[in-house]
Amino acid sequence: MTKPADKAGANGAKGQSATRIELNQFFSAAEARVDRWRSLHRLTKALAASDASASERVRNDVKALVDELRPLEELNGYPGPQLMAQLDQQLEAADAQALARTVQRISASLLSNSYRDDAHAWSDDEDNESRMADAILPPTLGRGQSRRPYFEVLIVAAGERATWPELRETFRKLRRDDDAFVYEPVVVGSFEDAVLATLFNYNIQSVIAVEGFGFASKHASPVLREILSPHVPADAVDRGGDTSGSLARVLRMLRPELDFFVVTDTDVAKLAGAEDSSSIRRVFYGVEEPMEIHLAVLDAIKDRYETPYFDNLKKYAARPMGTFHALPVARGKSIFKSNWIRDMGEFYGTNLFLAESSATTGGLDSLLEPTGNIKVAQDKAARAYGGDRTFFVTNGTSTSNKIIHQALLTPGDIVLIDRDCHKSHHYGIVLAGAQPLYIDAYPLTQYSMYGSLAIKPIKQALLQLKAEGKLDRAKMLVLTNCTFDGHVANVERTMLECLAIKPDLVFLWDEAWFGYARFSPFLRGRTAMGAAAKLKAMFSDPAYQQRYEKQQAEIGAIDPRNPKLLDMELLPDPKKARIRVYESDSVHKSMSALRQGSIIVVADQDFPKVEAAFKEAFFTHTSTSPNLQIIASLDLARRQVELEGYELVQRAIQLAIEVRREINNHPLISKYFRAATPAEMIPAEYRRSEFQDYGAPGWTIAKTAKALREDEFFLDPTRITLLCGNAGYDGSQFKGILASDYDIQINKTSRNSVLVQININNTRSDMAHLIKALADLSRSIEKRLADGGDAERQAFAARVKSLVEDVPDLPNFSRFHDAFRDDPKSKTSEGHMRAAYYMAYDAASCEYIKLNDSRIDERLRNGPELVSAKFVIPYPPGFPIMVPGQVVTAETIAFMRKLDVKEIHGFNANKGLELLNPDALAGHRAQSSQR
Ligand SMILES: Cc1ncc(COP(=O)(O)O)c(C=O)c1O
């Protein structure tokens, strides 16, 4: 990748080794290409304006820049060979004025992406656009029809380079006015160039591989080969070419949404039936009509483009419907004719009301029993998100989680759960009557937050359950991935190690924040569905069977008394392990769904056994009046990510890396603010690779890919913990300042940080807005300290110390009171939380003691134990520091007393802590023992 990527660093990155691409350069490649065109624009403008003496030097600079751009341009449809040839001619002819105009047009068009819609961008003749249009621009652009989506088709050609222009023309000539989409062919000649184009060209949606293409690219570097090597057959280079099957596999591993077609003139049937042909959409015989290929390409795009529910809703809205059911807003007549609320109609527009209905007729289908277009939309979503099935949920992931808990758990089951999980899980467990076995995540005390749940304590808990003969009751493990603050688990390893101890354990991965990760080849392996697919492949691979057998020979059957088990990476028996994975995902949090749009994605090989229970749970929690617009937005969000998810997510990650770098490298801002690095957010023991930071020198893609594969935790770059304690602000205060003085909204805070989230909606202007605000604030702190004298500086230092150093310890989960334990002597801490929860319904069972009342301290010293009647959930951090039935410890009280947040769910400061009183507890215990 020597040329396109090495030279594509956002900051130029010249002088770097020619064979190493660093991670930030990889992510910035597309942005850097545009930057380079803008530099070229500046230079060509200067050239046009310069006198003869200066022009030689500038011309040389222009030539050098064009030469840098050329390899990357070969992988892109726009500006394409003709405009590039024109540019070369103008350069050769020293026609500086014409050259400047051409470059300006290309640069502006790339910056705004207008070449996707605008005929002018493609024309190589400004004065005679219409004549040239037929030769150059996609003919359906700019002819007055409503916009047709534009994409590019990668053709991996077997023939000589000289034949490529004809190949391109063949496909261009096939375009028809009634095609629904318009595409531009991009031709490359090798396996490696195909990979480069797929990585760097966001417009590519389809690949046509003509069998017989070569392997090596003249641009590819050893690093690219290093990344690809696990996926490419070892003898591919020797064979001089590679099979289309393995190219399809590699490209779809990078971008699973791509459509892959093969053209061959050998044995079509054999290729179509080959082992690795599952990644190939269609195989064509070489001499067949190219029109068939063209239609197949368009048809495959249509498959992703169609949004069955939304498409039908639009049709429904356009029909002259008379409604005689509840829902007066449907059709909007009560609003548009109203004397008093007409502004509601004006604000939301007519379509919102025309598209409302409480009926499931007219093709609107039923979310509760989908058989029509909701079902099709859900099937498409399953494909997009990588599961076997997907369910739409219109009341947020809070509801998705409760559905999963209720579907899979029965009273008495044990659920291993990170205590830090979102409250919906804890409520779900109460509803299901299961017993939570809380396990604590590793604390990041310095930032007053928890990290994530490491594998070792999970294994410890499973092994202890086994030792006590309770493993059969352990049904499910619930983990958050990624956490609010961006801790991403090693999902694959977690599942492997747990399945080694409990082969049928179900996994619920709460990926409320992480849905978008599916569309990044970097992060996909760390998602629930990405890892489930890997496990599936692994369990049918003879090489894995051998690895398993080797480990078995070493350790024998799983024996909880074997201390070695905790420190080794356990492998499950592929013949016994079941893949039972559930993912809940707030599509509205990371993709373009309306608020509350959530999905459940399932890869459970035993789903048929739980399907009926799942349906009941779905009925329990789903409104019989689900919001149609949320369902439609889930359908549309799916369309978007299947067609442009890769581009959007790459850009978001790139932007996040830039934001981090700008903050931490800014001489003034970094005195007071810091974007916490992966090394600061993840303890060293979970970073085997010693990964420090995304932009750190020396961190190549290959090394980062290794960290992503092997480290126990990785930090999601888009979730930036912005430390503000050194500026003397606590999180809530700083959030308030950003909102009131700078119109910047932040969601989560901790004692000394706020969380800046970058998503597919953010732009470089947003980054500039944030950086400007931080710079302004830093300047005002400097001024205040300079003007305020010693007293001000001392007060500031004391405030910083209290925020940064005097942080309260985070209270771990203590235990359930013995009254709620089947066996109080057990070393595992699960308990009957539901019994405690309902006990609190009876006021006679409860007592209140104010937080600062000395009776609390007295009882902590001498008993009787304080037992929480409630979930007590401070915001932030948002996880329960007490659950019903939990014994309250001195650590919890100390934390509560230090907590300076205003919102604590389940706690009323005026009434005090709500506790279960000792008499009620004694009565409950007596009853339980008689049962
Ligand atoms: C980890 C986690 N899971 C679930 C949820 C609930 O998601 P929703 O807001 O979609 O109901 C949240 C909300 O913040 C969350 O942080």
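Data table
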| item | result |
| --- | --- |
| Unique match (being without any contact (Cβ under 8 Å) to a residue 40 or more places away in the chain and either surrounded by 23 or more Cβ atoms within 10 Å (Cβ to Cβ) or in contact with a Gly (Cβ under 8 Å, 6 or more places away or on another chain) (or both)) among Leu453, Leu479 | Leu453 |
| Boolean, Asp716 is in contact (Cβ under 8 Å) with a residue 60 or more places away in the chain and of a type outside the set (A, V, I, L, M, F, W, C) | yes |
| Of residues in segment 589-630 being open to solvent by 40 Å² or more (accessible area, probe 1.4 Å) and within 11 Å of the ligand (Cβ to nearest atom), the one nearest to Ala532 (Cα to Cα) | Lys589 |
| Tally of residues being out of contact with any Phe, Trp or Tyr (no Cβ under 9 Å at 6 or more places or on another chain) and more than 16 Å from the ligand (Cβ to nearest atom) across segment 503-521 | 3 |
| Residue within segment 729-752 that is small (Gly, Ala, Ser) and buried (at least 22 other Cβ atoms within 10 Å of the Cβ) present | yes |
| Qualifying position, being within 16 Å of the ligand (Cβ to nearest atom) and touching a strand residue (DSSP E or B) at 6+ places or on another chain (Cβ under 7 Å), among Thr390, Thr394 | Thr390 |
| Positions within segment 795-817 being within 16 Å of Leu915 (Cβ to Cβ) and out of contact with any Asp or Glu (no Cβ under 9 Å at 6 or more places or on another chain), in sequence order | Arg815 |
| Segment 66-83, residues that are in a helix (DSSP H, G or I), touching a residue at least 12 places away in the same chain (Cβ under 8 Å) and open to solvent by less than 20 Å² (accessible area, probe 1.4 Å) | Val66, Leu69, Pro71, Leu72, Gly80, Leu83 |
| Cβ-Cβ under 8 Å pairs, at least 6 apart or on other chains, segment 363-387 side on the phi > 0 side of the Ramachandran plot, far side assigned to a loop (DSSP other than H, G, I, E, B) | Gly363/Gly372; Asp365/Thr371; Asp365/Gly372; Gly386/Pro256; Gly386/Thr527 |
| Checking Asp585 against (1) closer than 17 Å to Trp509 by Cβ; (2) surrounded by fewer than 24 Cβ atoms within 10 Å (Cβ to Cβ); (3) within 16 Å of the ligand (Cβ to nearest atom), the condition it does not meet | (2) |
| Selection status of Asp420, of a type in the set (D, E, K, R), open to solvent by 10 Å² or more (accessible area, probe 1.4 Å) and more than 16 Å from the ligand (Cβ to nearest atom) | no |
| Single residue of Asp818, Asp806, Asp842 found to be out of contact with any helix residue (DSSP H, G or I) (no Cβ under 8 Å at 6 or more places or on another chain), open to solvent by 30 Å² or more (accessible area, probe 1.4 Å) and of a type outside the set (Ser, Thr, Tyr) | Asp806 |
| Residue list for segment 402-417, restricted to those being within 16 Å of the ligand (Cβ to nearest atom) and under 19 Å from Ala603 (Cβ atoms) | Ile403, Ile404, His405 |
| Segment 188-202 - residue that is touching a Lys or Arg at 6+ places or on another chain (Cβ under 9 Å) and open to solvent by less than 10 Å² (accessible area, probe 1.4 Å) and, of those, modelled with the lowest pLDDT | Glu192 |
| Residue list for segment 847-871, restricted to those being hydrophobic (A, V, I, L, M, F, W, C), at pLDDT 95 or above and open to solvent by 20 Å² or more (accessible area, probe 1.4 Å) | Leu860 |
| Options Ala500, Ala531; residue that is more than 16 Å from the ligand (Cβ to nearest atom) and open to solvent by less than 10 Å² (accessible area, probe 1.4 Å) | Ala531 |
| Qualifying residue in segment 540-550 (condition: away from the ligand (no atom under 16 Å from the Cβ), touching a residue at least 60 places away in the same chain (Cβ under 8 Å) and open to solvent by less than 10 Å² (accessible area, probe 1.4 Å)) | no |
| Count - residues of segment 301-345 that are of a type outside the set (Val, Ile, Thr) and closer than 30 Å to Phe151 by Cβ | 16 |
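The values are calculated or read from the model by the stated rules, or taken from the named source; none is laboratory data. No experiment lies behind these values; they were computed from the predicted model shown. Reconstructed Cβ throughout: ideal geometry from the backbone, glycine too, with neighbour counts over all protein chains shown. The area values use the complete protein model at the heavy-atom level, side chains included, leaving out ligands, DNA and RNA. Shrake-Rupley method; radii C 1.70, N 1.55, O 1.52, S 1.80 Å.
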